[in-house]
Amino acid sequence: MGLFDRIRVLFKANSPQEDHPLQVLSAFIESSSEKLRELTVSVNRSESEWLLQKRKMDLHLVNSAMYRDKADQEAKVGNADMAKHWLVQAHSQESYLAKLEPEVERLQQSTDQMKETLAQIENKLQTAKELRQQFMLRINAADSQVQMNTALNEILSSSALDRVREETFLAEAKAELMQSRPK
């Protein structure tokens, strides 16, 4: 097989124009369904990570408030060292919280964007399924029309055949009549 033949076969094998539209739609639906499943897993993973980091952030916020309360209590009783200790603890919680906040916001934006993409793929998949259903209905209607036309043609051709037979019979009868008449 020559190089050009191989290239031609390769292009024919990869050419979706030669495929039946129903096969193309079905392949698209299958591919999109798989991508949808993969993206759903990714969205769930991202959302889980976002919620986990958000809970950590909430925990550090609660801890910071608790340490500040303890510092206030120690300051009220005159224990400056313990008040300072609790304020340092509160500050470290707030510092960690400040570092964690942009990451949580980034995760939330990423999750929201992935959810939006997921919704778009779901819409395209639903549209493709509807198109496939409409196409199947049109194929069935066309098949019914073809069958009806075939049956009608058979009926018409049989009645035409009957007319030809009658005309032939009449022509033969006339010919015999002409032959039987005396000259």
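A few remarks follow.
- Per-residue ellipticity at 222 nm computed for the chain from its helices equals -35000 deg cm²/dmol, with DSSP H segments shorter than 4 residues left out and the rest contributing -39,500 (n - 2.57).
- In the chain, lysine pairs with alpha-carbon atoms under 25 angstrom apart (chain gap of 8 or more, or interchain): 17
- Where the chain is the region considered: accessible area per residue in Å², 1.4 Å probe: 79
- In terms of the mean number of neighbouring beta-carbon atoms within 10 Å, the peptides 50-57, 75-82 order highest first as 50-57, 75-82.
The values are calculated or read from the model by the stated rules, or taken from the named source; none is laboratory data. The structure presented is a predicted model; accordingly, all values stated were derived computationally and were not measured. Heads up, the Cβs are rebuilt from the backbone with ideal geometry, glycines too, and the neighbour counts pull from every protein chain shown. For accessibility, only protein heavy atoms count, side chains too; no ligands or nucleic acids. Shrake-Rupley method; radii C 1.70, N 1.55, O 1.52, S 1.80 Å.
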